[in-house]
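Just below is one structure, and these are the notes that go with it.
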Amino acid sequence: MRIAFGRVAQETNALSPLPTTLDDFHRTHFHQGQELMALCVPGGSELPGFLADAELSGFVEVARSQAELVPLFSAWAVPSGPLTAHTLEHLVGKLERQLREAGPLDGLFLSLHGAMGAQGCEDPEAELLERARAVVGPNTRIVLSLDLHGQVTRRMIEAVDGLVAYRTNPHRDHASTGRRAGCLLLDAVAGRVRPTVAWRTLPMLIGGGTTVDFLPTMRPLFRRLSQLERQPEVLSASLFMCHPWNDHPDLGWSVVVITDGDAGLAERLAEELADMAWGVRTVEAPAFVGPEEAIAAVRSRRLRRRFGTACLCDASDVVGAGAAGENTRLLRALLEHGKGLRAYLPLRDSVAVEALWQADLDLDHELQVGGHIDLEHNPAVRVRGRIRHRSERSTLGRTVVLDTGDIALVLTEGPPLAMKPAFYSDLGLSCWAADVVVVKSFFPFRLYFLAHNRQTLYVRTRGVTDLDAANALSFNDAVHPKDRVEDWRPADRRRRGVSV
């Protein structure tokens, strides 16, 4: 059997003022052909700087001994604003061309995010899938892997034979998700199973508390997914908790169940899972503190700081959810109230980087930072400090560390995706020496900073990743919690095109 594989992935924040371009993909991750294959086999590094083994590596692991594999291309960009129309067309057109050049295929595996947005296109991933299907024909099996924050739509379901989601949050099962999708695709191509898909979609943007898979609110749901997959007739069960800053008009949580030819069973189980998901809608996320309250909380835990650091997530400016990384409110608060606390803080400001790139290392420099990208949320702040480090990296671009005495301010040209200690240690900043480390990710930092972190605080500073920011968007249905919704079924039936 011949099976092609590839990736087009980005999580889009519709509220971000920064469009995503082809340069963003090429700067972050863009590989194709045999170069891509070399990254996905044992000893390779599929997403250099991010993950050694992800979905494509997991897929290749289970498929390489059973099929002739045709590597297409893998494009991934840091979350940001919607793709430009040109960028979307280039990526989709490239996929079409490579599929035509590949010749007859028995199967196609694609790793998508599920929450990609694009200018002038309501459902860009469905567009990509429909055009891929038009090239490979109706008899080629197509299976997807998706982030569990993906937005499942009717067009996507109709274009593919199956899809599977991550099973963890924070995400730590990228490769195993690729293996699960690969096994489903291989069995379908070989005729060992007949994938039959049922799905439900809920008018629900937020719920489930922290939405962490192993904590009490969500644990029963994720455990039920695993229980269902132990039934021989159930091929896959997935939960999608959506990306609440996606502007798809039918945005919401979804569940997908795939059985081996048993449509009735798939429908019953999808209904059960939808009811379980709807049941956690009123469990609210923990309250986020303000900047001054966060600084006071850190200062009060003196003993903890001796043995590690406090991780402050700037929850309103999460680069991992599509924010620009330019929010200055936490910086201002640290300057005014954080005296004596050693803090590391990232800030995107290409103007400041340019001004400091050739500046004298032995002098103090005073300048304004911030206030270039999103003036509503990111007012400029004046800082004074000495340059401690300058370097250039592909994703961050040129980077300057300006030390104010208490604060090591990491100024970057590109998106400062601060979620690993290496973000700072690569710049000569030891996280063990910091009282405060500011991160720009909602969940992954909790895994990566496990050894260092002695206190976690989510700080609301106002910005495009506030949990209520989606209230500015318009939807086809009343959606929870923006609106009062008693029953999920009417919206679900309309979205799926099912009559009462």
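The values are calculated or read from the model by the stated rules, or taken from the named source; none is laboratory data. Here the structure is a predicted model, which is why all the values come from computation and not from measurement. For neighbour counting, all protein chains shown are included, and Cβ atoms are generated from backbone atoms with ideal geometry for every residue, glycine included. Ligands, DNA and RNA are stripped out before the accessible areas are found, and what is left, the full protein with its side chains, is counted by its heavy atoms. Shrake-Rupley method; radii C 1.70, N 1.55, O 1.52, S 1.80 Å.
Results, tabulated for the structure shown:
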quantity: Mean-position separation - Cα centroids, region 469-496 and region 347-408, in angstrom; calculated: 42 Å
quantity: Highest average packing first - 63-75, 429-441, Cβ atoms within 10 Å; calculated: 429-441, 63-75
quantity: Carbon plus sulfur fraction of accessible area for the chain, probe 1.4 Å, in percent; calculated: 49 percent
quantity: Per-peptide average of other Cβ atoms within 10 Å, ordering 402-415, 276-289 highest first; calculated: 402-415, 276-289
quantity: Contour minus Cα-Cα distance for PHE307 and ASP23 (0.36 nm per residue); calculated: 98.1 nm
quantity: Pair ALA451, ALA285: separation of 7 Å Cα→Cβ label points (nm); calculated: 2.9 nm
quantity: Part-to-part distance (alpha-carbon centres) for region 102-170 and region 214-272, which is given in Å; calculated: 17 Å
quantity: Simple label model, 7 Å out from Cα along Cβ direction - GLU336 to SER430, nm; calculated: 3.4 nm
quantity: Distance in nm between pseudo-label sites at GLU130 and ARG100 (7 Å out along the Cβ direction from Cα); calculated: 1.9 nm
quantity: Computed E for ARG493/GLU292 - FRET, C-beta separation, R0 45 angstrom, nearest 0.05; calculated: 0.40
quantity: Share of Cα-Cα pairs in the chain lying beyond 30 Å, as whole percent; calculated: 48 percent
quantity: Percent RCO, i.e. relative contact order, over region 175-243, from Cα pairs under 8 Å lying at least 6 residues apart; calculated: 22 percent
quantity: Two-site FRET efficiency, GLU354 against ALA263, from Cβ-Cβ distance with R₀ of 56 Å, rounded to 0.05; calculated: 0.40
quantity: Listed residue (MET1, HIS29, VAL381) projecting farthest to the positive dipole end of the chain, Cβ model; calculated: VAL381
quantity: Set of lysines near LYS420 by C-alpha distance (under 17 Å), chain-local residues within fewer than 8 positions excluded; calculated: LYS440
quantity: Degrees, to the nearest 10: 291-300 long Cα axis against longest axis of the chain; calculated: 70 degrees
quantity: Relative contact order (%) - the chain, alpha-carbon pairs under 8 angstrom, separation at least six; calculated: 16 percent
quantity: Chain lengthening between GLN32 and HIS372 when straightened (0.36 nm per residue, less Cα-Cα); calculated: 118.9 nm
quantity: Cut-off 18 Å (backbone N to label point 7 Å along Cα→Cβ of LEU51), residues of region 127-143; calculated: 143
quantity: Rounded if a/c under 1.5, otherwise prolate or oblate - region 1-144, Cα gyration tensor axes; calculated: oblate
quantity: Cα gyration tensor shape of region 317-404, rounded if a/c is under 1.5, else prolate or oblate by comparing a/b with b/c; calculated: oblate
quantity: Selected from PRO244, THR177, VAL234, residue furthest toward positive end of dipole (region 161-315; charges at beta carbon); calculated: THR177
quantity: Extension gain (nm, one decimal) between MET1 and ASP403, 0.36 nm per residue minus Cα-Cα; calculated: 138.9 nm
quantity: Antiparallel DSSP beta bridges within the chain, percent to nearest 5; calculated: 45 percent
quantity: Degrees, to the nearest 10: 174-189 long Cα axis against longest axis of the chain; calculated: 10 degrees
quantity: Three-way shape label, region 148-254, alpha-carbon gyration tensor, a/c 1.5; calculated: oblate
quantity: For ALA67, distant residues with modelled amide H under 5 Å away; calculated: none
quantity: Charge dipole of region 63-130 about the Cα centre (unit charges at C-beta), most positive-ward option of GLY117, PRO82, ALA102; calculated: ALA102
quantity: Efficiency of FRET from Cβ geometry, ARG224 and GLU68, R₀ 22 Å, rounded to 0.05; calculated: 0.05
quantity: Student exercise, region 319-387 dipole from Lys, Arg, Asp, Glu Cβ charges, in Debye to nearest 20; calculated: 340 debye
quantity: Residue-normalised accessible area of the chain, expressed per residue, 1.4 Å probe, Å²; calculated: 38 Å²
